[in-house]
1. If each residue of separation counts as 0.36 nm, what is the full-extension length gain between Arg118 and Thr54 once their alpha-carbon separation is subtracted?
2. Kindly give Rg over Rh for the chain, based on alpha-carbon atoms, with the Kirkwood expression for the hydrodynamic radius.
3. When the chain is modelled as a GNM with alpha-carbon springs shorter than 10 Å, which of Leu101, Leu299, Leu120 fluctuates the most?
4. Send over a whole-number figure in Å² for the accessible area per residue of the stretch 212-289, probe 1.4 Å.
5. Between Leu98, Leu274, Leu124, which gets the highest mean-square fluctuation from a Gaussian network model of the chain, Cα cutoff 10 Å?
6. For the stretch 142-213, I need the span (max minus min coordinate) of the C-alpha atoms along each principal axis, in Å, sorted largest to smallest.
7. Could you give the dipole magnitude of the stretch 273-316 about its Cα centre, charging the beta-carbon of Lys and Arg +1 and that of Asp and Glu -1, in debye to the nearest 20?
8. Tell me which GluC sites (Glu not before Pro) from the stretch 132-169 have a DSSP coil assignment and no more than 14 other beta carbons within 10 Å of their own.
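The values are calculated or read from the model by the stated rules, or taken from the named source; none is laboratory data. Predicted model only: the values in this text are computed from it and were never measured. Every residue, glycine as well, gets a Cβ built from its backbone with ideal geometry; the counts of neighbours run over all protein chains shown. Please note that ligands, DNA and RNA were not included when accessible areas were found on the heavy atoms of the full protein model with its side chains. Shrake-Rupley method; radii C 1.70, N 1.55, O 1.52, S 1.80 Å.
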Amino acid sequence: MPLILPPPRPSPAFPVLGPGQALPAPLVRPTVAIGNFDGVHRGHRHVLAAAKATGRPVVVMTFEPHPRSYFQPDVPLFRLTDAAGKARLLASAGADGLAVLAFDAAMAGTSAEAFVDRLLVDWLGASTVVVGRDFHYGTRRAGNAETLRQAGASKGFAVTEVAALDGPEGPISSSAIREALSTGRVEAANALLGHAWFVTGPVIHGEKRGRELGYPTANIRLDAACGLAHGIYAVMIGIDGTWHQGVASYGRRPQFDNGAPLLEVHVFDFAGNLYDKAVDVAFASYLRSEAKFASLEALIAQMDDDSREARTRLST
């Protein structure tokens with residue numbers, strides 16, 4: 001399938017609100033879609049489509065950090081999107097605004113009744129609430145779609161529960177996409193997402209080894225919990241709104257230092273200073289695993305082959 005590149009960043013006018021901030025007038029009495037929306041995959045877009053079908057402006061209620069990071073702080077969570085990437089994807093998928101709740105001790109201790117009264121009724125004034133399969137809310141996950149319907153009947157909002165959207169191997173989920181990326185199955189992950197998985201970050205200074213080898217790279221430090229398989233990838237790089245083809249390595253550089261994982265991107269046919277510039281890297285295809293070669297000459301020959309293969313895959 002054709003590679004669907006990440007959308008532009010939302011307009012500065014796109015409202016991202018915290019608790020207590022009033023909705024702008026065009027969003028009064030919205031449909032509220034609730035969820036973590038990590039990755040904003042096809043299943044999430046299915047929920048958003050149901051929200052849009054109500055004919056009301058759509059406000060997405062989401063949480064930062066991911067609730068799992070609060071309840072299991074010692075277990076690394078491979079997030080598919082950071083907060084900015086999530087906002088960008090949700091805006092492109094049809095959301096009219098975001099309501100972002102800090103998931104902390106206070107939120108974890110909020111009862112199901114208080115969640116409805118304080119957030120959905122008093123703050124957002126929801127006309128309809130749209131949730132996905134197995135939705136729970138409130139302390140100890142006491143609330144669910146049925147209790148939400150009961151609350152809505154007395155407080156003036158409707159509730160729509162959206163069934164899961166199935167992929168080739170079962171329901172589309174963020175967990176399935178993480179698993180695909182962790183095993184190098186980029187095309188499978190992108191098919192579940194409905195767009196290319198991407199990361200965004202500032203270009204940092206490295207050891208300049210790529211330049212010495214004839215392959216200068218833009219280096220980006222990813223989140224320590226990133227579970228992307230180490231290896232070589234065909235990628236697209238977004239620089240100042242323009243997309244360029246390239247090849248990237250993510251991993252520990254076994255040829256040199258086996259250091260902390262780093263994303264190193266070689267941009268084809270590009271000359272310019274990228275240091276400190278925020279760039280997007282969209283992953284198209286996994287080429288091979290990391291390897292240590294017998295000599296630098298052998299490494300360079302492999303890099304030549306990788307570049308040819310990346311160009312081929314990105315052009316088909």
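1. Fully extending the segment from Arg118 to Thr54 adds 20.8 nm.
2. My calculation of the ratio gives 1.03.
3. Of Leu101, Leu299, Leu120, the Gaussian network model singles out Leu299 as fluctuating most.
4. 41
5. The residue with the greatest mean-square fluctuation here is Leu274.
6. 69, 30, 22
7. Value, rounded to 20: 120 debye.
8. In loop regions of the stretch 132-169 (DSSP not H, G, I, E or B), the sparsely surrounded GluC sites (Glu not before Pro) are Glu169.
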